[in-house]
Amino acid sequence: MRTQVAIIGGGPSGLLLSQLLHLQGIKTVVLERRSKAHVLSRIRAGVLETGLLSLLRAAGVDGRLASEGIPHHGTLISYEDMMFRIDFEALTGRSVMVYGQTEVTRDLYAAREACGGELRFEVQDVSICAADSAAPYVIYTHEGQQKRLECDFIAGCDGFHGVSRKTIPPRARRTFEKVYPFGWLGVLSETPPVSDEIIYAGSERGFALCSMRNPLLSRYYIQCPASEDPAGWSDEAFWTELRSRLPRAQAEALVTGPSVEKSVAPLRSFVTEPMRWGRLFLCGDAAHIVPPTGAKGLNTAASDVHYLFEGLRAWYESGDAHQLDAYSERALARVWKAERFSWWFTSLMHHFPGQSDFDRRMQRAEIEFLASNRAAQQALAENYVGLPY
Ligand code: APR
Ligand code: PHB
């Protein structure tokens, strides 16, 4: 079997790239390890930057987003009982859209299927071959049979635990990593959100986050030890701890209810360089991971997709390889800025084991400076709504 671009991974990166290429008449096959139902069962943040919104519009998958997405013109930051607002509109003239990533993925699947997209689910033993040649190919097992897919290019969109990054010989790649000494215990509840806008809450007891999926579905997190077992937390214990980390007014206004999902996510910063090896191009979580504090995961994958799509389009239109040759450098320039913002915001808002009293005072002073200084708020807002592609 042959295609033009083999895409490993049927998450948001792979699907968005596949749909954009399809609209240019470029053939793709998406190879996904899990079932579609499993992919759609993942609960992920849903803060979409304007760049991603533009890509989804170009891909023709912004219909439901336009009607169900919630525009957010600012966000709230609190520390103990102090709370202030970062006004995205006033500071940048732009906003973000809150719309669950699961819904983005669902919309992308619907679009690919409507176009007769080649999606292979539950593929096993994917192996990328001859990526450093002009005739790369992928072998894999599907429905009990071994398959070989000849292609011009391979897009490694298979996330942090995928095969693509590891296909690049260790001698040819370099990784940068910071594992944070804590995680996020997250709860989804069918309750009205405590606030119309997201609250990033610092406190003496640790970080908390108040978010939402829609007016009747709330998403909350509290910082916890990285090894925390969610089963060890009753709903009541979670709500009590969350309240203790919020300003009094929000703690009193919080509407609690049974959790419909409860899980712990580890926090990590990670980048691999380069994001290309021959005809293999890494995209999204396959190449980089950010802590969720700035909601940059999908939004940084989106700029990778943009650069790779533009490079592939130029190559197929005119044989021009310049943008493909510039892909890794261009993508990494933006990746590192997202890594920095996510690391900075995480470092500002969380407790770190072993932190000295002086360190804690520095955090508190920076939050108080942020509360009072327009230039500091503008820097945060520019990063949050999305730096240019
Ligand atoms: N073969 C085929 N598919 C694979 C393999 C493999 N060897 N390994 C992983 N996959 C699939 C996973 O099952 C997953 O569906 O690749 C997909 C990768 O999707 P994500 O992990 O969501 O990564 P990405 O598409 O880059 O998403 C970027 O969006 O999902 C959010 O916040 C998340 O930061 C992430 C962002
Ligand atoms: C979420 O809604 O899950 C969410 C929102 C903002 C973040 C992280 C997660 O920074």
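Do we have residue 333 as open to solvent by 10 Å² or more (accessible area, probe 1.4 Å), within 15 Å of ligand 2 (Cβ to nearest atom), within 20 Å of residue 388 (Cα to Cα) and among the aliphatic types (A, V, I, L, M) here? It is false that residue 333 is open to solvent by 10 Å² or more (accessible area, probe 1.4 Å), within 15 Å of ligand 2 (Cβ to nearest atom), within 20 Å of residue 388 (Cα to Cα) and among the aliphatic types (A, V, I, L, M).
For segment 186-225, which residues satisfy the criterion of being assigned to a loop (DSSP other than H, G, I, E, B), away from ligand 1 (no atom under 16 Å from the Cβ), β-branched (Val, Ile, Thr) and under 22 Å from residue 84 (Cβ atoms)? Spell out how you get there, then give the answer.
Narrowing segment 186-225 to residues assigned to a loop (DSSP other than H, G, I, E, B): 190-198, 203-207, 215-216, 225.
Narrowing further to those that are away from ligand 1 (no atom under 16 Å from the Cβ): 190-197, 203-207, 215-216, 225.
Within this subset, residues satisfying the condition of being β-branched (Val, Ile, Thr) are 191, 194.
Listed by number, the list holds a single entry, 194.
Of the listed requirements (1) within 16 Å of ligand 2 (Cβ to nearest atom); (2) at pLDDT 95 or above; (3) crowded, with 18+ Cβ neighbours inside 10 Å, residue 213 misses just one: (2). Quick check: is even one residue across segment 318-338 of a type in the set (A, V, I, L, M, F, W, C) and in contact with a Cys (Cβ under 7 Å, 6 or more places away or on another chain)? The answer is no, given that none of the residues of segment 318-338 is of a type in the set (A, V, I, L, M, F, W, C) and in contact with a Cys (Cβ under 7 Å, 6 or more places away or on another chain). Applying the condition of being in a helix (DSSP H, G or I) and touching a strand residue (DSSP E or B) at 6+ places or on another chain (Cβ under 8 Å) to segment 14-35 and asking which residue is most open to solvent (accessible area, probe 1.4 Å) yields 22.
Does residue 171 qualify as being without any contact (Cβ under 8 Å) to a residue 40 or more places away in the chain and more than 22 Å from the chain's Cα centre (by Cα)? Yes, satisfied. Just give me the residues in segment 126-184 being aromatic (Phe, Trp, Tyr), closer than 21 Å to residue 336 by Cα and not in a loop (DSSP other than H, G, I, E, B), in sequence order. Within segment 126-184, 176, 180 meet the criteria. Residues that are within 21 Å of residue 349 (Cβ to Cβ) and without any contact (Cβ under 8 Å) to a residue 12 or more places away in the chain within segment 228-240 comprise just one, 240. Among the candidates 316, 327, the residue that is under 20 Å from the mean Cα position of the chain (by Cα), more than 21 Å from residue 87 (Cα to Cα) and in contact (Cβ under 8 Å) with a residue 24 or more places away in the chain is uniquely 327.
Scanning segment 63-81 for residues that are touching a Ser or Thr at 6+ places or on another chain (Cβ under 9 Å) and farther than 30 Å from residue 244 by Cβ yields a count of 1. Among the residues of segment 260-269, none qualifies, meaning not one is without any contact (Cβ under 8 Å) to a residue 12 or more places away in the chain and open to solvent by 10 Å² or more (accessible area, probe 1.4 Å). Restricting attention to segment 103-122, the residues being buried (at least 19 other Cβ atoms within 10 Å of the Cβ) and of a type in the set (Lys, Arg) number 1.
Whenever a residue of segment 273-299 is hydroxyl-bearing (Ser, Thr, Tyr), its partners that are assigned to a loop (DSSP other than H, G, I, E, B) and within 16 Å of ligand 2 (Cβ to nearest atom), lying with C-beta atoms within less than 9 angstrom and at least six residues away or across chains, give the pairs 293/207; 293/350. Residues of segment 293-327 that are closer than 26 Å to residue 96 by Cβ and part of a loop (DSSP other than H, G, I, E, B): 295, 296.
Taking the options 296, 337, name whichever one is within 30 Å of residue 82 (Cα to Cα), within 15 Å of ligand 1 (Cβ to nearest atom) and not aromatic (Phe, Trp, Tyr).
Details: 337 fails: within 15 Å of ligand 1 (Cβ to nearest atom).
Answer to the check: 296.
Of all residues in segment 84-102, exactly one satisfies the criterion of being closer than 18 Å to residue 48 by Cα, assigned to a helix (DSSP H, G or I) and open to solvent by 50 Å² or more (accessible area, probe 1.4 Å), namely 89.
Applying the condition of being surrounded by fewer than 21 Cβ atoms within 10 Å (Cβ to Cβ) and within 30 Å of residue 273 (Cβ to Cβ) to segment 342-353 and asking which residue is farthest from the chain's Cα centre (by Cα) yields 353.
So which residues in segment 36-56 are within 17 Å of residue 295 (Cα to Cα) and either open to solvent by 30 Å² or more (accessible area, probe 1.4 Å) or acidic (Asp, Glu) (or both), if there are any at all? Lay out the reasoning, then the answer.
Keep residues of segment 36-56 that are within 17 Å of residue 295 (Cα to Cα), which gives 42-53.
Scanning segment 36-56 gives 42, 43, 44, 45, 49, 50.
The values are calculated or read from the model by the stated rules, or taken from the named source; none is laboratory data. Values in this document were obtained by computation on a predicted structure and should not be read as measured data. Cβ sites come from the backbone with ideal geometry, for glycine too, and all protein chains shown count toward neighbours. Surface accessibility is based on the protein's heavy atoms, side chains included, excluding ligands, DNA and RNA. Shrake-Rupley method; radii C 1.70, N 1.55, O 1.52, S 1.80 Å.
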